[in-house]
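Below is one structure, written out as C-alpha coordinates; comments come after it.
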(Lines give C-alpha, C1' and ligand atoms only; values in the text may rest on other atoms or scores of the structure.)
Protein backbone atom coordinates (compact mmCIF):
# COMPACT_ATOMS: atom_id res chain seq x y z
CA UNK A 1 0.00 0.00 0.00
CA UNK A 2 1.34 3.42 -0.97
CA UNK A 3 2.26 5.68 1.92
CA UNK A 4 0.60 9.09 2.20
CA UNK A 5 3.61 11.12 1.01
CA UNK A 6 4.08 9.02 -2.13
CA UNK A 7 0.35 9.14 -2.83
CA UNK A 8 0.30 12.96 -2.59
CA UNK A 9 3.27 13.14 -4.96
CA UNK A 10 1.39 10.97 -7.43
CA UNK A 11 -1.66 13.21 -7.20
CA UNK A 12 0.44 16.32 -7.82
CA UNK A 13 1.53 14.88 -11.17
CA UNK A 14 -1.99 13.92 -12.13
CA UNK A 15 -3.56 17.20 -11.01
CA UNK A 16 -1.41 20.36 -11.41
CA UNK A 17 -1.40 22.86 -8.55
CA UNK A 18 -3.39 25.99 -9.30
CA UNK A 19 -2.96 29.36 -7.62
CA UNK A 20 -4.45 32.80 -8.16
CA UNK A 21 -2.50 34.81 -10.74
CA UNK A 22 -1.54 38.11 -9.10
CA UNK A 23 -2.16 39.99 -12.35
CA UNK A 24 -5.58 38.72 -13.45
CA UNK A 25 -6.73 37.02 -10.25
CA UNK A 26 -7.76 33.80 -12.00
CA UNK A 27 -6.68 30.41 -10.72
CA UNK A 28 -4.14 28.83 -13.03
CA UNK A 29 -0.85 26.97 -13.18
CA UNK A 30 1.60 29.81 -12.56
CA UNK A 31 4.75 30.14 -14.64
CA UNK A 32 8.18 29.45 -13.21
CA UNK A 33 9.87 31.83 -15.63
CA UNK A 34 7.65 34.78 -14.68
CA UNK A 35 6.90 34.48 -10.95
CA UNK A 36 3.34 35.00 -9.82
CA UNK A 37 1.51 35.15 -13.15
CA UNK A 38 -0.23 32.73 -15.49
CA UNK A 39 0.75 31.96 -19.07
CA UNK A 40 -2.02 34.16 -20.48
CA UNK A 41 -0.77 37.22 -18.58
CA UNK A 42 2.82 36.43 -19.56
CA UNK A 43 1.75 36.55 -23.20
CA UNK A 44 0.43 40.07 -22.62
CA UNK A 45 3.84 41.46 -21.69
CA UNK A 46 4.51 44.13 -24.38
CA UNK A 47 8.20 43.41 -24.97
CA UNK A 48 10.12 46.00 -26.95
CA UNK A 49 11.68 43.96 -29.73
CA UNK A 50 12.03 46.46 -32.58
CA UNK A 51 13.88 49.68 -31.76
CA UNK A 52 13.46 52.78 -33.91
CA UNK A 53 15.42 55.28 -31.77
CA UNK A 54 18.85 53.81 -31.08
CA UNK A 55 19.53 56.38 -28.34
CA UNK A 56 16.55 56.00 -26.01
CA UNK A 57 15.34 52.59 -27.17
CA UNK A 58 11.85 53.66 -28.20
CA UNK A 59 9.92 51.51 -30.66
CA UNK A 60 8.55 54.49 -32.58
CA UNK A 61 9.96 57.82 -33.73
CA UNK A 62 11.29 59.81 -30.76
CA UNK A 63 10.92 63.62 -31.01
CA UNK A 64 12.85 64.12 -27.73
CA UNK A 65 16.05 62.65 -29.15
CA UNK A 66 15.75 64.80 -32.29
CA UNK A 67 15.68 68.12 -30.44
CA UNK A 68 18.80 70.32 -30.34
CA UNK A 69 18.82 70.10 -26.55
CA UNK A 70 19.35 66.34 -26.88
CA UNK A 71 22.91 67.03 -28.02
CA UNK A 72 23.74 67.70 -24.36
CA UNK A 73 23.29 64.07 -23.44
CA UNK A 74 25.34 62.55 -20.65
CA UNK A 75 24.28 58.92 -20.96
CA UNK A 76 25.35 56.67 -23.83
CA UNK A 77 22.21 54.64 -24.56
CA UNK A 78 18.99 53.65 -22.87
CA UNK A 79 17.18 50.38 -23.35
CA UNK A 80 13.81 49.42 -21.89
CA UNK A 81 12.19 46.04 -21.48
CA UNK A 82 8.53 46.79 -22.16
CA UNK A 83 6.19 49.44 -23.53
CA UNK A 84 4.32 51.28 -20.80
CA UNK A 85 0.78 50.35 -21.81
CA UNK A 86 -2.32 50.11 -19.60
CA UNK A 87 -1.45 46.60 -18.41
CA UNK A 88 2.08 47.56 -17.39
CA UNK A 89 0.77 50.73 -15.75
CA UNK A 90 -1.57 48.60 -13.64
CA UNK A 91 1.24 46.22 -12.65
CA UNK A 92 3.51 49.05 -11.57
CA UNK A 93 0.71 50.76 -9.65
CA UNK A 94 -0.01 47.54 -7.77
CA UNK A 95 3.69 47.26 -6.93
CA UNK A 96 4.56 50.87 -6.08
CA UNK A 97 1.38 52.24 -4.59
CA UNK A 98 -0.63 49.25 -3.36
CA UNK A 99 2.19 47.44 -1.62
CA UNK A 100 2.02 44.23 -3.66
CA UNK A 101 5.68 43.37 -3.25
CA UNK A 102 5.23 40.02 -4.99
CA UNK A 103 5.68 41.98 -8.23
CA UNK A 104 9.32 42.60 -7.35
CA UNK A 105 10.48 39.18 -8.60
CA UNK A 106 8.38 39.43 -11.77
CA UNK A 107 9.57 42.91 -12.71
CA UNK A 108 13.10 41.92 -11.80
CA UNK A 109 12.98 38.93 -14.13
CA UNK A 110 11.76 41.16 -16.96
CA UNK A 111 14.69 43.55 -16.37
CA UNK A 112 17.14 40.63 -16.38
CA UNK A 113 15.93 39.50 -19.80
CA UNK A 114 16.15 43.06 -21.12
CA UNK A 115 19.72 43.36 -19.84
CA UNK A 116 20.73 40.15 -21.58
CA UNK A 117 19.34 41.48 -24.85
CA UNK A 118 21.07 44.82 -24.27
CA UNK A 119 24.38 43.08 -23.61
CA UNK A 120 24.17 41.22 -26.89
CA UNK A 121 23.20 44.36 -28.80
CA UNK A 122 26.00 46.48 -27.31
CA UNK A 123 28.58 43.75 -27.93
CA UNK A 124 27.58 43.74 -31.60
CA UNK A 125 27.59 47.56 -31.74
CA UNK A 126 31.03 48.01 -30.17
CA UNK A 127 32.38 44.89 -31.91
CA UNK A 128 33.89 43.66 -28.67
CA UNK A 129 32.62 42.20 -25.42
CA UNK A 130 30.51 44.84 -23.68
CA UNK A 131 30.80 44.67 -19.93
CA UNK A 132 29.38 46.60 -17.00
CA UNK A 133 31.63 47.42 -14.06
CA UNK A 134 28.92 48.53 -11.68
CA UNK A 135 25.13 48.65 -11.32
CA UNK A 136 23.40 51.57 -9.59
CA UNK A 137 19.92 53.10 -9.59
CA UNK A 138 17.86 56.29 -9.62
CA UNK A 139 16.95 56.98 -5.96
CA UNK A 140 13.49 58.01 -4.76
CA UNK A 141 13.05 60.83 -2.27
CA UNK A 142 13.24 60.15 1.44
CA UNK A 143 9.56 60.91 1.92
CA UNK A 144 8.49 58.44 -0.79
CA UNK A 145 10.84 55.81 0.58
CA UNK A 146 9.14 56.12 3.96
CA UNK A 147 5.70 56.11 2.34
CA UNK A 148 6.29 53.02 0.19
CA UNK A 149 8.76 51.19 2.38
CA UNK A 150 11.06 50.41 -0.55
CA UNK A 151 12.79 51.98 -3.53
CA UNK A 152 11.49 50.25 -6.66
CA UNK A 153 14.52 51.12 -8.80
CA UNK A 154 16.90 49.88 -6.10
CA UNK A 155 15.02 46.58 -5.93
CA UNK A 156 15.23 46.12 -9.71
CA UNK A 157 18.93 47.02 -9.78
CA UNK A 158 19.74 44.68 -6.89
CA UNK A 159 17.77 41.85 -8.48
CA UNK A 160 19.68 42.26 -11.75
CA UNK A 161 23.09 42.64 -10.12
CA UNK A 162 22.60 39.55 -7.97
CA UNK A 163 21.50 37.40 -10.91
CA UNK A 164 24.27 38.62 -13.23
CA UNK A 165 26.89 38.67 -10.44
CA UNK A 166 27.68 42.32 -10.99
CA UNK A 167 28.84 44.81 -8.34
CA UNK A 168 25.97 46.89 -6.97
CA UNK A 169 26.22 50.21 -5.17
CA UNK A 170 24.08 53.22 -4.27
CA UNK A 171 25.97 56.16 -5.78
CA UNK A 172 23.40 58.93 -6.13
CA UNK A 173 21.35 61.12 -3.80
CA UNK A 174 18.17 63.02 -4.48
CA UNK A 175 18.85 66.59 -3.37
CA UNK A 176 15.24 67.74 -3.23
CA UNK A 177 11.73 66.37 -3.56
CA UNK A 178 9.90 66.81 -6.86
CA UNK A 179 6.36 66.83 -8.13
CA UNK A 180 5.28 63.45 -9.51
CA UNK A 181 6.50 63.20 -13.10
CA UNK A 182 3.35 61.42 -14.26
CA UNK A 183 1.27 64.50 -13.47
CA UNK A 184 3.25 66.86 -15.73
CA UNK A 185 3.85 67.65 -19.39
CA UNK A 186 7.16 67.25 -21.19
CA UNK A 187 8.66 70.69 -20.50
CA UNK A 188 7.52 70.66 -16.89
CA UNK A 189 9.12 67.25 -16.40
CA UNK A 190 12.46 68.52 -17.70
CA UNK A 191 12.41 71.62 -15.51
CA UNK A 192 11.25 69.58 -12.54
CA UNK A 193 14.33 67.33 -12.71
CA UNK A 194 17.01 70.04 -13.02
CA UNK A 195 19.64 69.81 -10.30
CA UNK A 196 17.61 67.19 -8.47
CA UNK A 197 20.32 64.54 -8.37
CA UNK A 198 23.86 64.63 -7.10
CA UNK A 199 26.45 62.02 -6.23
CA UNK A 200 26.85 60.70 -2.72
CA UNK A 201 29.80 62.32 -0.93
CA UNK A 202 31.54 58.94 -0.73
CA UNK A 203 31.06 58.13 -4.42
CA UNK A 204 34.18 59.82 -5.92
CA UNK A 205 36.55 58.08 -3.52
CA UNK A 206 34.70 54.78 -3.81
CA UNK A 207 35.08 54.81 -7.61
CA UNK A 208 38.87 54.87 -7.19
CA UNK A 209 38.75 51.40 -5.60
CA UNK A 210 38.38 50.01 -9.12
CA UNK A 211 41.85 51.32 -9.95
CA UNK A 212 40.74 52.03 -13.51
CA UNK A 213 40.75 55.18 -15.65
CA UNK A 214 37.37 54.28 -17.18
CA UNK A 215 34.22 52.62 -15.89
CA UNK A 216 30.96 51.51 -17.47
CA UNK A 217 28.05 52.11 -15.09
CA UNK A 218 24.56 50.70 -15.62
CA UNK A 219 21.88 53.03 -14.26
CA UNK A 220 18.55 51.30 -13.52
CA UNK A 221 15.10 52.91 -13.17
CA UNK A 222 11.49 51.84 -13.57
CA UNK A 223 10.29 54.14 -16.39
CA UNK A 224 11.94 56.20 -19.13
CA UNK A 225 9.77 59.10 -20.32
CA UNK A 226 11.64 62.18 -21.58
CA UNK A 227 15.06 61.03 -20.39
CA UNK A 228 15.54 64.05 -18.10
CA UNK A 229 15.88 61.91 -14.97
CA UNK A 230 18.42 59.56 -16.55
CA UNK A 231 20.36 62.47 -18.05
CA UNK A 232 20.65 64.33 -14.74
CA UNK A 233 21.76 61.20 -12.92
CA UNK A 234 24.34 60.43 -15.61
CA UNK A 235 25.69 63.98 -15.33
CA UNK A 236 26.17 63.56 -11.58
CA UNK A 237 27.99 60.24 -12.03
CA UNK A 238 30.32 61.70 -14.65
CA UNK A 239 31.12 64.64 -12.36
CA UNK A 240 31.94 62.24 -9.53
CA UNK A 241 34.40 60.40 -11.76
CA UNK A 242 36.04 63.59 -12.98
CA UNK A 243 37.21 64.45 -9.45
CA UNK A 244 39.72 61.59 -9.73
CA UNK A 245 40.26 61.56 -13.49
CA UNK A 246 37.96 58.57 -14.11
CA UNK A 247 36.08 58.48 -17.40
CA UNK A 248 32.53 57.37 -16.61
CA UNK A 249 30.25 56.03 -19.32
CA UNK A 250 26.65 55.67 -18.21
CA UNK A 251 24.27 53.18 -19.83
CA UNK A 252 20.64 53.17 -18.80
CA UNK A 253 18.23 50.26 -18.43
CA UNK A 254 14.61 50.82 -17.46
CA UNK A 255 11.78 48.39 -16.95
CA UNK A 256 9.38 50.38 -19.18
CA UNK A 257 9.49 53.00 -21.97
CA UNK A 258 6.52 55.36 -22.05
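When 207, 172 are checked against the criterion of being within 25 Å of residue 143 (Cβ to Cβ), in contact with a strand residue (DSSP E or B) (Cβ under 8 Å, 6 or more places away or on another chain) and either buried (at least 20 other Cβ atoms within 10 Å of the Cβ) or at pLDDT below 95 (or both), 172 stands alone in meeting it.
Annotation note: of 59, 39, the sole residue that is out of contact with any helix residue (DSSP H, G or I) (no Cβ under 8 Å at 6 or more places or on another chain), farther than 25 Å from residue 230 by Cα and either surrounded by 11 or more Cβ atoms within 10 Å (Cβ to Cβ) or at pLDDT 90 or above (or both) is 39. Inspection of region 152-163 identifies no residue that is at pLDDT below 90, in contact with a helix residue (DSSP H, G or I) (Cβ under 7 Å, 6 or more places away or on another chain) and part of a helix (DSSP H, G or I). Residue pairs whose Cβ atoms lie under 8 Å apart, sitting 6 or more positions apart in sequence or on different chains, and linking a residue in region 208-220 that is free of Cβ contacts under 8 Å to residues at least 40 places away in the same chain to a partner that is assigned to a strand (DSSP E or B), are 213/247; 214/247; 214/248; 214/249. Taking region 119-145 as the range and being closer than 21 Å to residue 91 by Cα and surrounded by fewer than 20 Cβ atoms within 10 Å (Cβ to Cβ) as the test, the residues that pass are 144, 145. Within the option set 32, 98, 54, being part of a loop (DSSP other than H, G, I, E, B), surrounded by fewer than 16 Cβ atoms within 10 Å (Cβ to Cβ) and either touching a residue at least 12 places away in the same chain (Cβ under 8 Å) or touching a helix residue (DSSP H, G or I) at 6+ places or on another chain (Cβ under 7 Å) (or both) holds for one residue only, 54. Among the residues making up region 232-250, a single one is buried (at least 21 other Cβ atoms within 10 Å of the Cβ), closer than 16 Å to residue 55 by Cβ and touching a helix residue (DSSP H, G or I) at 6+ places or on another chain (Cβ under 9 Å): 250.
The values are calculated or read from the model by the stated rules, or taken from the named source; none is laboratory data. Quick caveat, the model's predicted, so the values are computed rather than measured. For neighbour counting, all protein chains shown are included, and Cβ atoms are generated from backbone atoms with ideal geometry for every residue, glycine included.
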